[in-house]
Amino acid sequence: MDKVLAIQNDPALSGEAHHEARARAIRQIIKANFDFAMMARTSLGPTYNRLSAGQQREFQETFARLFQDSYTRLVLNFLKRETVQYHQESQQGNRAQVKTTIVRINEKIPVEYLMHGRSSGWVLYDVKVDGISILQTYEDQFGRVIQKKSFADLLNKMKLQAKALD
């Protein structure tokens, strides 16, 4: 979070002329710090295990691209001059949780980061904003689409969304 805020508040990267440079830098931080494979598996629930290896790979790649692009946009549009208060860190085995509050002018937003350990270090697998899990939201939305239509429809919809964010 501190690295992202440093990019957003870097005078050398301020202004519309540097928007793409900020976006690239933030996207790299997101790419390095999230476990997209785990997030993709979890977000599809039991459907994931019924997919072929090729479908799983295609979904993971599409999910990662869509998440990186949408989360980068969220950060660019939402985090400007806010401050982050770090509260509680807890760890159980290879799982950890960091509770923070993003302080804006007239509001305080609780944000919880859920991580797990890998050989390369800690990576995020979920973010809860004001108690709402991003991963659970994806799982609910994806499940509804699959139930009403199909996995293929979900994947096509995600690809269209990712393309629209380009």
Review point. Within segment 4-43, how many residues are farther than 19 Å from Asp69 by Cβ and hydroxyl-bearing (Ser, Thr, Tyr)?
Key: 2
Study note, to complete from the structure: Residue set Ala152, Ala162; condition among the small types (Gly, Ala, Ser) and touching a helix residue (DSSP H, G or I) at 6+ places or on another chain (Cβ under 6 Å); output residue Ala162
Exercise for review: Collect the residues in segment 60-96 that are out of contact with any Lys or Arg (no Cβ under 9 Å at 6 or more places or on another chain), in a strand (DSSP E or B) and within 27 Å of Gly45 (Cα to Cα), keeping them in residue-number order.
Suggested key: Gln91, Gln92, Arg95, Ala96
**Study point:** Set Phe63, Phe78, Phe36: member being under 21 Å from Gln141 (Cβ atoms), of a type outside the set (Val, Ile, Thr), out of contact with any strand residue (DSSP E or B) (no Cβ under 6 Å at 6 or more places or on another chain) and modelled with pLDDT under 95
**Key:** Phe78
Check your understanding: When you scan segment 115-166, how many residues do you find that are hydrophobic (A, V, I, L, M, F, W, C), exposed (fewer than 15 other Cβ atoms within 10 Å of the Cβ) and outside any helix (DSSP H, G or I)?
Key -> 1
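Taking segment 118-139 as the region of interest, how many residues are without any contact (Cβ under 8 Å) to a residue 60 or more places away in the chain, under 21 Å from Ser43 (Cβ atoms) and not aliphatic (A, V, I, L, M)? Before you say what the answer is, go through the steps one by one.
Step one: filter segment 118-139 for residues without any contact (Cβ under 8 Å) to a residue 60 or more places away in the chain, giving 119-122, 127-134, 136-137.
Now narrow it down to the ones that are under 21 Å from Ser43 (Cβ atoms): 122, 127-134, 136-137.
Keeping just the survivors that are not aliphatic (A, V, I, L, M) gives 122, 128, 130-131, 133, 136-137.
Number of matching residues: 7.
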Study note, to complete from the structure: Per the filter on segment 67-84, residues buried (at least 16 other Cβ atoms within 10 Å of the Cβ), among the charged types (D, E, K, R) and over 17 Å from Pro110 (Cα atoms) are Asp69
Practice item. Give segment 115-159 a look and list any residue that's aliphatic (A, V, I, L, M) and either farther than 13 Å from Ser70 by Cβ or touching a His at 6+ places or on another chain (Cβ under 6 Å) (or both), or say none. Key: Met115, Val123, Leu124, Val129, Ile132, Leu135, Val145, Ile146, Ala152, Leu154, Leu155
Review point. Can you tell me which of Gly15, Gly45 is surrounded by fewer than 17 Cβ atoms within 10 Å (Cβ to Cβ) and touching a residue at least 60 places away in the same chain (Cβ under 8 Å)?
Key: Gly45
Check your understanding: Gln88 passes all but one of (1) without any contact (Cβ under 8 Å) to a residue 60 or more places away in the chain; (2) surrounded by 17 or more Cβ atoms within 10 Å (Cβ to Cβ); which number fails?
Key -> (2)
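The values are calculated or read from the model by the stated rules, or taken from the named source; none is laboratory data. Predicted, not measured: the structure shown is a model, and the values here were computed from it. When we count neighbours, we look across all protein chains shown, and the Cβ atoms used for this are built from the backbone with ideal geometry, even at glycine.
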